[in-house]
Amino acid sequence: MRYVFVITVLLCANQAAAQPLGNSEKPETLNVINTPKDDPGWVDGSVLLNDGTKDKGQVRYNDHTGVVSFESKDRSSSYNARTIGGFQFQDNDKLRSFYSLHYYSPFDNSIVKQFFEVLREYKDFAVISRTSAFGERVPVEVTTVYLVRGSNLEIMPFVQVTEHQVKWKLFDVNKTQFRVLNSGLPKELMGDNFPRVKAFAKERNLQWHVKDSLISILDYYDSLTSQ
């Protein structure tokens, strides 16, 4: 059941409507700020083309421009979310997977294709994220974590993390702000397991909007569904 979500995404990858999403192998840790501040350069990876074929080679992703560059012995290309189905690359010992998905934004009532990373998958929902980076003099990185309903693949904003790199005199200071966008989603999606998850978080003083706390909460939920 854990990978029904992945199969559905692959089947829907070339459709031009709705609010669906994509795949990833389950990572060992949840990296909420999911794009490194320093460009890692070219790394081993692959691209999923819109015709369903997959090419392996070297991948480089720029989260400022949303452009994926790809190099292999047969192909040298650049893609964005409108021209490619997705991509994967190795980040140290982890395989990270991104998919291009149609997303309806309630903030400006638009439907656009964007890259999302799948962080965790469960029977009834998945956890995905998207990072945007902008600003030259004052770099800002905004990561939104979404919960995706398994029954209809509705993408719902859950938590937003904003990092500002502020220069103060001779020092660079990183300022992080957290914002919970819909506090009712975990209860809605975790169903009968939510009271136990909530009690677990309360007993250990874990916060849903803090990365390490959210990791622990999701790991506990996973342990309940695996029983």
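The values are calculated or read from the model by the stated rules, or taken from the named source; none is laboratory data. Fair warning: this is a prediction, and the values are worked out from it, not measured in the lab. As a convention, Cβ positions derive from the backbone with ideal geometry for all residues, glycine included, and neighbour counts pool all protein chains shown.
Data for the structure
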read-out	value
Hits in the range 94-116 (condition: among the polar types (S, T, N, Q), at pLDDT 85 or above and closer than 18 Å to V145 by Cβ)	S97, Q114
Looking only at the range 95-105, and only at residues there that are touching a residue at least 24 places away in the same chain (Cβ under 8 Å) and surrounded by fewer than 17 Cβ atoms within 10 Å (Cβ to Cβ), the one that is farthest from S183 (Cα to Cα)	L95
Criterion violated by V9 - all others in (1) at pLDDT 85 or above; (2) part of a helix (DSSP H, G or I) satisfied	(1)
Matching residues in the range 190-221 - criterion: being in contact with a helix residue (DSSP H, G or I) (Cβ under 9 Å, 6 or more places away or on another chain) and small (G, A, S)	A201, S213, S216
Those residues of the range 201-213 which are of a type in the set (A, V, I, L, M, F, W, C) and closer than 15 Å to K187 by Cβ, in sequence order	A201, W208
Candidate set from the range 141-193 (those that are at pLDDT below 90, over 17 Å from the mean Cα position of the chain (by Cα) and among the basic types (K, R)); member that is nearest to V127 (Cα to Cα)	K175
Selected residue (only one of D91, D63 is more than 21 Å from Y146 (Cα to Cα) and among the charged types (D, E, K, R))	D91
Near pairs, Cβ below 7 angstrom, 6+ apart or cross-chain, from the range 73-94 (farther than 20 Å from F115 by Cα) to any residue that is surrounded by 14 or more Cβ atoms within 10 Å (Cβ to Cβ) and of a type in the set (D, E)	R75/D55
Pick from the range 121-163, criterion surrounded by 19 or more Cβ atoms within 10 Å (Cβ to Cβ) and of a type in the set (D, E), ranking: farthest from Y61 (Cα to Cα)	E121
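Every residue, every condition in (1) of a type outside the set (A, V, I, L, M, F, W, C); (2) surrounded by 15 or more Cβ atoms within 10 Å (Cβ to Cβ); (3) modelled with pLDDT under 95, yes or no:
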position	(1), (2), (3)
D51	yes, no, yes
K54	yes, no, yes
Y61	yes, yes, yes
F70	no, yes, no
R75	yes, no, yes
A81	no, yes, yes
I84	no, yes, yes
Q88	yes, yes, yes
